[in-house]
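Here's the structure, in structure tokens; my notes come after.
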Amino acid sequence: MPGYYHYSVMNRFYIFYICLAIYGAAFALRSIAAIVDGSTSLPIILASIAGVGMIIASVYEILTGSPSDFDIGKIGFWAVILSVVGFLLLQIPELL
């Protein structure tokens, strides 16, 4: 099953970086909304810069990176996935 392994690694590559981009978007949108409302402080500004940076870095890695070179352990992969899901679930009550 060599083809299956390559397919699995390729999917993990895209899932990992898309989740990082989603995480960055959540940071950026929340921080930018606070800045637009008039709340400017160093943590909010840094969070917006970090969120935009995560989006740019993830998109860059998806466009230029090679799925076959992607090498992250299962624990690291699932830690990112579950943290993004948990972060988004915690944001839902604040959006309503």
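The values are calculated or read from the model by the stated rules, or taken from the named source; none is laboratory data. Quick caveat: nothing in here was measured; it's all calculated off a predicted structure. Using ideal geometry, Cβ is built from the backbone for each residue, glycine included, and neighbour counts are taken over all protein chains shown.
Observations on the structure shown:
- Checking each residue in region 56-86 for being closer than 21 Å to A33 by Cα and touching a helix residue (DSSP H, G or I) at 6+ places or on another chain (Cβ under 6 Å) picks out only V84.
- Tally of residues being at pLDDT below 90, of a type outside the set (V, I, T), part of a helix (DSSP H, G or I) and exposed (fewer than 11 other Cβ atoms within 10 Å of the Cβ) across region 77-96: 5
- Candidate set from region 11-35 (those that are surrounded by fewer than 17 Cβ atoms within 10 Å (Cβ to Cβ) and without any contact (Cβ under 8 Å) to a residue 60 or more places away in the chain); member that is nearest to A50 (Cα to Cα): A25
- For beta carbons closer than 7 Å, sequence separation of 6+ or different chains, a first residue in region 58-73 that is over 24 Å from A28 (Cβ atoms) and a second that is aliphatic (A, V, I, L, M) and loosely packed, with under 15 Cβ neighbours inside 10 Å, the qualifying pairs are P67/M10.
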